[in-house]
Amino acid sequence: MDINFLKQTVFKTVDFTFDGEIEVYDFDGVKVEYDGKIARIGAKSKNTFARGLFLLCMNISEGKTEIDIEEKKHFEDLIFFLDCSRNGVMRVSAVKKYIEIIASLGFDSLMLYTEDTYEIEGRPRFGYLRGRYSKEEIKAIVAYAEKFDIDV
């Protein structure tokens with residue numbers, strides 16, 4: 001797990017800085033502990049770790065100096081549904097921003113609703129004048145989501 005990438009991404013998403021030490025351990029769900037000096041985050045996946053970082057940010061931002069939060073999953077999958085078929089397709093950079101936000105909220109899946117807004121070989125008029133994602137753009141979205149353990 002790339003802790004530094006996740007830390008930088010979540011902190012940038014919520015405009016937060018934290019120079020303290022963060023210890024990470026394996027936990028089924030999300031566990032955040034902070035004693036005013038050291039933060040401990042328990043998580044099994046990258047998206048649950050991102051959720052733990054987000055909880056740390058929000059609580060410290062509220063002025064709390066001691067934190068002890070535990071969350072368990074209530075659903076097997078938590079899916080964010082993003083409509084990419086209305087009024088043109090969303091830029092890949094915007095979809096990546098959504099991925100960062102939903103990871104911070106603990107989502108584990110992203111579903112792109114794309115009616116006819118993707119490329120099909122040999123069908124140049126598919127989605128005519130609506131914009132579409134190329135194969136490379138879809139691969140870029142999937143690859144970025146994998147950095148957070150989010151399925152697309």
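The values are calculated or read from the model by the stated rules, or taken from the named source; none is laboratory data. Every value quoted in this text rests on a predicted model; they were computed, and no experiment measured them. Cβ atoms come from the backbone with ideal geometry, glycine included; neighbour counts cover every protein chain shown. Ligands, DNA and RNA are stripped out before the accessible areas are found, and what is left, the full protein with its side chains, is counted by its heavy atoms. Shrake-Rupley method; radii C 1.70, N 1.55, O 1.52, S 1.80 Å.
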Looking only at residues in segment 131-146 that are assigned to a helix (DSSP H, G or I) and touching a residue at least 40 places away in the same chain (Cβ under 8 Å), which one is nearest to G29 (Cα to Cα)?
-> A145
Number of the condition not met by Y128 [criteria: (1) aromatic (F, W, Y); (2) over 28 Å from E33 (Cα atoms); (3) open to solvent by less than 70 Å² (accessible area, probe 1.4 Å); (4) part of a loop (DSSP other than H, G, I, E, B)] = (3)
For R51, indicate whether it is closer than 23 Å to L110 by Cβ and either of a type in the set (A, V, I, L, M) or modelled with pLDDT of 95 or more (or both).
-> yes
Would you pick out the residues in segment 53-68 that are in contact with an Asp or Glu (Cβ under 7 Å, 6 or more places away or on another chain) and surrounded by 17 or more Cβ atoms within 10 Å (Cβ to Cβ)?
-> I67
Across segment 116-125, which residue is nearest to the chain's Cα centre (by Cα) among those that are under 22 Å from I79 (Cα atoms) and assigned to a loop (DSSP other than H, G, I, E, B)?
-> T117
Got a number for residues in segment 25-52 being within 24 Å of F75 (Cβ to Cβ) and surrounded by 17 or more Cβ atoms within 10 Å (Cβ to Cβ)?
-> 14
So I120 fits all but one of (1) touching a residue at least 40 places away in the same chain (Cβ under 8 Å); (2) over 18 Å from N4 (Cα atoms); (3) of a type outside the set (G, A, S); (4) open to solvent by less than 80 Å² (accessible area, probe 1.4 Å); what number is the exception?
-> (1)
Checklist (1) more than 17 Å from the chain's Cα centre (by Cα); (2) open to solvent by 90 Å² or more (accessible area, probe 1.4 Å); (3) closer than 22 Å to D108 by Cα applied to N87, failing item = (3)
